[in-house]
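> The structure is given below, and queries will be raised subsequently.
The values are calculated or read from the model by the stated rules, or taken from the named source; none is laboratory data. In this text the structure is predicted, and so the values were computed from the model without any measurement. So basically every Cβ, Gly included, is an ideal-geometry build from the backbone, and we count neighbours across all protein chains shown. Accessible surface areas use protein heavy atoms only, side chains included; no ligands, DNA or RNA. Shrake-Rupley method; radii C 1.70, N 1.55, O 1.52, S 1.80 Å.
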Amino acid sequence: MKSLQELEKIRQEAIKKVDIRRDREGTRIVVGMATCGIAAGARPVLTALLEEVKLRNLQDVIVSQTGCIGVCRLEPIVEVYRPEEEKVTYVKMTPEKAKKIIAEHIVNGKIIHEYTIGAVE
Amino acid sequence: MEFYRAHVLICGGTGCTSSGSQTLIDTFHEELEKNHLNKEVKIVKTGCFGLCEAGPIVIVYPEGAFYSHVKIEDVKRITEEHLLKGRIVKDLLFKEAVEEDQIRSINEVDFYKKQKRVALKNCGVINPEDIKEYIAFDGYKALGKVLTEMSREEVIDTIKKSGLRGRGGGGFPTGMKWEFTYKAKGDQKYVACNADEGDPGAFMDRSVLEGDPHAIIEAMAIAGYAVGANQGYVYVRAEYPIAVHRLQIAIDQAREYGLLGKNIFDKGFDFDVEIRLGAGAFVCGEETALLNSIEGKRGMPRPRPPFPANAGLWQKPTLLNNVETYANIPKIILNGADWFSSMGTEKSKGTKVFALGGKINNTGLVEIPMGTTLREVIYEIGGGIPNGKKFKAVQTGGPSGGCITADHLDTPIDYDNLISLGSMMGSGGMIVMDEDNCMVDIARFFLDFTVDESCGKCPPCRIGTKRMLEILNKITSGKGEMEDIDKLEQLAKNIKASALCGLGQTAPNPVLSTLRYFRHEYEAHVKEKRCPAGVCRELLAYTIDPEICKKCGICASKCPADCITGVKGKEVFKIDTDKCIKCGNCMEVCPFKAISKK
């Protein structure tokens, strides 16, 4: 170890691996993964979200899963929780839509209204 | 780099390992593989989470779901329900002993709410066998900071200002110890770490080494820089194989990353650490005996002064601190002296780790700010006394400490308060006793330990404690006389005043403190030949209550001494006390609870 900068570089790399265990306020993306969700294709959506988060090296974003969100006919459902924002519920998701949500909503902060439950209903 | 959406943390501390956590880890790997989750979910083997009572413990992040008493057959359910479908397996979650509600997340557990984890901060959070995880949680940043930004005097000053006192038992101000070693003359100096931890009931040092070994290495390197030493030794007992194993891995990794070795942080500072194994002798926790043992000599203490700061290992100036003391150092450097001294009481700063054991619901490790009351620790964190029994006393400080009664439960815990109550902080063992514990027997237990562990160098300890034990045996077997109590007290005071080292000087403490608060129990043993708690076997008498006895004869059939007589179905059964060997079999088998011991 030669310098603080070198240590910091290792730290930044390593943080990504343990980030999930730290207490902090960040974005949570939750995928409904009950039987209905999985049957409607939630797993590829989840994988797409994970890949995109990893690809863009997004800190402070957690992708997790939950049970049935309740509107089975609109599955796969993805919910986005951001600090100081109302929860946004996206419905009838596909891997492509999921990637777009990461780009528009998570990165640029623009909700894609046409995918939300309000627009579809 | 792999990206994982969930982390499964499984406790790999000694406690959970012995209740089977390694098999759990293997099973988790198999189940994840089966469900194609091995690229999404990461298994991390950590150090102790603290709540050993509930082990093996599994925590799933990001939810922080806290599963306790996890069995092999539960792994499948956690994998398929929680990890695959995202449904937390509620019936496997940790339940508070006092309430019915299940606790979902680790942040909601009462056991952790009142705690403040500084020394144990990383324990149960990081993978101790991966230096990168330690670095991710700000590891080695403090070492970098002192080497690049601080002078040796500034480091010592920070430790002094923080108010940190030795966590191994003595409570000596750590900064002053550092300063003495820094000022000592000598071209060769050493830094040593006391990881001997021999107190019955204490295991916080083991847990730190198992859960966060790099913290000790980093702290020793900081100390080495401050006092001017280039070599460190960790003296750890061989009974701690997991701790030794992980410490060795950590040392190797630190060398590989250039955090030990030559020219660290390019500042011309060389430092290395080696492990020295002890054979598990209590006296080797005493500093001068420990240093002798590192040198390869017999672990016996020598008179002080000279203190190790001036003449330690091979007569060179040596800084010796305990594991928990070192664990605080990197945090003090990073967060500042004021941060540390804002916690605790006026004369005892920071936090202290206690090993809760005995008659308490949540057995395990707790770290609390100094000044927390004993009541908060025992009832709020410890979850109270099991089976509705009454609290009687708490023994702190191991064999060198003493017992504290219910009258003192509201005392804020710090070095000075515990000493004024006739006990001490010690390394932080905290053994809770209920109404079924006999205090004379407890004193006898601890003295039995010290007699065994006395190194024999000085007569007060070698002969004196042996005589005390003989008197205690006499009392607990019902042969004691009133003058024995006086003799015991006199002996205790004399040994305290004349023994060579800390082990001998404090050995009489359990006797003195029980005499102080529970003299009536000693007197009951001597005058009435009675053990009020029903522990001392030779003073017990088993009797059958004729009102309750249903004449079934089960007791008689199970009596190995043939001392119970009666006629099945016709006549109440009776115990012949003279023949009775007091094994307690009859009481255990009686379906009607008709038998009692007094």
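> Between residue B:486 and residue B:279, with labels modelled 7 Å along Cα→Cβ, what's the label distance in nm to one decimal, could you check?
Inter-label distance under the simple model: 4.3 nm.
> If you don't mind, another one. Could you give the dipole magnitude of the protein assembly as shown about its Cα centre, charging the beta-carbon of Lys and Arg +1 and that of Asp and Glu -1, in debye to the nearest 20? Can you show the working numbers first?
Numbers: 98 positive and 98 negative charges, 204 e Å.
Dipole size: approximately 980 debye.
> Still on this model: Using helices alone, what [θ] at 222 nm do you get for chain B, with -39,500 (n - 2.57) per DSSP H run of 4 or more residues, divided over all residues and rounded to the nearest 500?
On the way: 22 runs with 214 residues, N = 598.
Helix-only estimate at 222 nm: -10500 deg cm²/dmol.
> Note every residue of the range B:1-38 with a reduction of at least 40 square angstrom in accessible area, all protein chains present versus the isolated chain, computed with a 1.4 Å probe, or write none.
Buried by 40 Å² or more upon assembly, which counts only protein chains, are B:1, B:3, B:5, B:7.
> Identify, among B:299, B:377, B:258, the residue whose Cα sits farthest towards the positive end of the charge dipole of chain B, taking +1 on the Cβ of Lys and Arg and -1 on the Cβ of Asp and Glu, with the dipole about the Cα centre.
Positive-end residue among those listed: B:299.
> Using a probe radius of 1.4 Å on protein heavy atoms only, what is the accessible area buried between chains A and B, both sides summed, to the nearest 100 Å²? Provide the component values of the computation, followed by the final result.
Working: alone 7710 and 24990 Å², together 29520 Å².
In total, chains A and B hide about 3200 Å² from solvent.
> Another question, if that's okay. Other chains near B:84-93: what is the mean number of their Cβ atoms within 10 Å of each residue's Cβ?
Neighbouring Cβ atoms belonging to other protein chains average 4 per residue here.
> Have a look at B:490, B:509, B:475 and report the one farthest towards the positive end of the charge dipole of the range B:474-519, computed about the Cα centre with Cβ charges (Lys/Arg +1, Asp/Glu -1).
Positive-most Cα among the choices belongs to B:509.
> Can you grab the distance from the C-alpha centre of the range A:25-40 to the C-alpha centre of the range B:229-260, Å, no decimals?
44 Å
> Other chains near A:5-17: what is the mean number of their Cβ atoms within 10 Å of each residue's Cβ? Intermediate values should be presented prior to the final figure.
Values: counts 1, 5, 10, 3, 1, 7, 9, 2, 4, 11, 6, 5, 12.
Mean number of neighbouring Cβ atoms from other chains: 6.
> While we're here: Compute the angle between helix B:509-527 and the longest alpha-carbon principal axis of chain B, please, reported from 0 to 90 degrees and rounded to the nearest 10.
0 degrees
> At R0 = 30 Å, how high is the FRET efficiency between residue B:153 and residue B:255 if r is their beta carbon distance? Nearest 0.05 is fine. Walk me through the intermediate numbers first.
Details: r = 28 Å, r/R0 = 0.94.
Computed FRET efficiency for residue B:153 and residue B:255: 0.60.
> Right, something else. Which order do B:454, B:18 take by accessible area at a 1.4 Å probe, largest first? Walk me through the numbers on the way to the answer.
On the way: B:454 25, B:18 100 Å².
In descending accessible area the options line up as B:18, B:454.
> Let me ask something additional. Please go through the residue pairs A:87/B:90; A:9/B:39; B:90/B:593; A:16/B:121; B:145/B:177 and name each one whose alpha carbons sit more than 27 Å apart in this structure.
Details: A:87/B:90 25 Å; A:9/B:39 25 Å; B:90/B:593 37 Å; A:16/B:121 19 Å; B:145/B:177 21 Å.
Pairs exceeding 27 Å: B:90/B:593.
> Mind checking Rg over Rh on chain B, alpha carbons, Kirkwood formula for Rh? It would help to have the intermediate numbers written out before the result.
On the way: Rg = 26.6 Å, Rh = 26.1 Å.
With Rh from the inverse mean 1/r over Cα pairs, Rg/Rh is 1.02.
> When the Cα centres of the range B:353-413 and the range B:436-469 are compared, how far apart do they sit, in Å?
What the calculation gives is 24 Å, centre to centre.
> Report relative contact order for the range B:440-529 in percent, whole number only (criteria: Cα-Cα under 8 Å, sequence separation at least 6). Please report the intermediate quantities before stating the final value.
On the way: 102 pairs, mean separation 33.6, N = 90.
Reported as a whole number, the value is 37 percent.
> Rounded to the nearest 10 degrees, what's the angle between the helix B:439-453 long axis and the longest principal axis of chain B, both from Cα atoms, 0 to 90?
50 degrees
> Which part of the range B:573-598 falls in the paramagnetic zone of residue B:550, meaning amide N under 20 Å from the point 7 Å along Cα-to-beta-carbon?
Under 20 Å, as judged by backbone N against the label point of residue B:550, lie B:573-575, B:585-597 of the range B:573-598.
> Here's a follow-up. Quote the relative contact order of chain B in percent (integer), defining contacts as alpha-carbon pairs under 8 Å separated by 6+ residues. Intermediate results must be reported in sequence, preceding the final value.
Working: 1300 pairs, mean separation 68.7, N = 598.
Relative CO of chain B lands at 11 percent.
> Something else about it: Please state the charge dipole magnitude for chain B, taken about the Cα centre, from unit charges on C-beta atoms (+1 on K and R, -1 on D and E), reported in debye and rounded to the nearest 20.
Working: 78 positive and 80 negative charges, 246 e Å.
For this selection, approximately 1180 debye.
> Which loop GluC sites (Glu not before Pro) in the range B:438-541, with loop taken from DSSP, have no more than 14 other Cβ atoms within 10 angstrom of their Cβ? Numbers along the way, then the final one.
Details: sites: B:453, B:470, B:481, B:483, B:489, B:521, B:523, B:528, B:538; in loops: B:481, B:528.
The qualifying sites are B:481, B:528.
> Here's something else I'd like to know. Estimate the FRET efficiency between residue A:85 and residue B:519 by the formula 1/(1 + (r/R0)^6), using the beta-carbon distance for r and 56 Å for R0, to the nearest 0.05.
Values: r = 67 Å, r/R0 = 1.20.
With R0 = 56 Å, the Cβ-Cβ based efficiency is 0.25.
> Keeping all protein chains in place, calculate the accessible area per residue for the range B:131-211 (probe 1.4 angstrom), answer in Å². Each step should come with its number before you reach the end.
Details: 2750 Å² over 81 residues.
I get 34 Å² per residue for this part.
> Same structure again: Per the 1.4 Å probe, what fraction of the accessible area of the protein assembly as shown, in percent, lies on carbon and sulfur atoms?
The value for the protein assembly as shown is 49 percent carbon and sulfur by accessible area.
> Indicate the gyration tensor shape class of the protein assembly as shown (rounded, prolate or oblate), computed on the Cα atoms with a ≥ b ≥ c the square roots of the eigenvalues: a/c under 1.5 is rounded; otherwise a/b larger than b/c is prolate and the rest oblate.
Working: a/c = 2.60, a/b = 1.29, b/c = 2.02.
Because a/c hits 1.5 or more and a/b fails to exceed b/c, the protein assembly as shown counts as oblate.
> What's the average, rounded to a whole number, of partner chain beta-carbon atoms within 10 Å of each residue's beta-carbon in B:120-130?
Numbers: counts 0, 0, 0, 0, 0, 3, 3, 2, 0, 0, 3.
Taking the mean over all residues of the peptide, I get 1.
> Do any of B:262/B:316; B:392/B:457; B:114/B:466; A:17/B:160; B:141/B:352 go past 30 Å between their Cα atoms, and which? Don't jump to the answer; show the numbers that get you there.
Details: B:262/B:316 21 Å; B:392/B:457 36 Å; B:114/B:466 42 Å; A:17/B:160 36 Å; B:141/B:352 23 Å.
B:392/B:457; B:114/B:466; A:17/B:160, as the Cα separations exceed 30 Å there.
> For the range B:537-598, what is the relative contact order in percent, using Cα pairs closer than 8 Å and at least 6 residues apart in sequence? Each step should come with its number before you reach the end.
On the way: 104 pairs, mean separation 27.9, N = 62.
The normalised contact order for the range B:537-598 reaches 45 percent.
> Using a 1.4 Å probe on protein heavy atoms, which residues of the range A:61-78 have at least 40 Å² less accessible area in the complex than alone?
A:65
> If R₀ is 60 angstrom, what is the calculated FRET efficiency for the pair residue A:103 and residue B:183, using the beta carbon separation as r and rounding to 0.05? Numbers along the way, then the final one.
Working: r = 62 Å, r/R0 = 1.03.
According to the calculation, E is roughly 0.45.
> Looking at B:22, B:224, B:169, which one has the Cα that reaches farthest to the positive end of the dipole of the protein assembly as shown (charges on Cβ: Lys, Arg +1; Asp, Glu -1)?
Positive-end residue among those listed: B:169.
> Give me the distance in nm between label points sitting 7 Å out from Cα along the Cα-to-Cβ direction at residue B:73 and residue B:462, one decimal.
So the label points at residue B:73 and residue B:462 sit 5.8 nm apart.
> Further, regarding this structure: Test of understanding: extend the Cα→C-beta vector of residue B:29 to 7 Å, then name every residue of the range B:6-20 with backbone N under 16 Å from that spot.
Label zone hits: B:8-12.
> Which angle from 0 to 90°, rounded to the nearest 10, does the C-alpha axis of helix A:4-18 make with the longest principal axis of chain A?
30 degrees
> Moving to a separate point now. Kindly write out, for the range B:265-282 in residue order, the coupling ³J(HN,Hα) from the Karplus curve 6.51 cos²θ - 1.76 cosθ + 1.60 (θ = phi - 60°), rounded to whole Hz, with x marking Gly and Pro.
Taking θ as phi minus 60°, the curve returns 6, 6, 10, x, 9, 9, 7, 9, 10, 10, 9, 10, 8, x, 8, x, 9, 4 Hz for the range B:265-282.
> Any chance you could check the Cα centroid distance between the range B:282-331 and the range B:171-192 for me, in angstrom?
11 Å
> Continuing with this model, one more query. For the range A:63-117, which GluC sites (Glu not before Pro) are both in a DSSP coil and crowded by at most 11 other Cβ atoms within 10 Å? Walk me through the numbers on the way to the answer.
Working: sites: A:79, A:84, A:85, A:86, A:96, A:104, A:114; in loops: A:84, A:85, A:86.
Sparse-neighbourhood loop GluC sites (Glu not before Pro): A:84, A:86.
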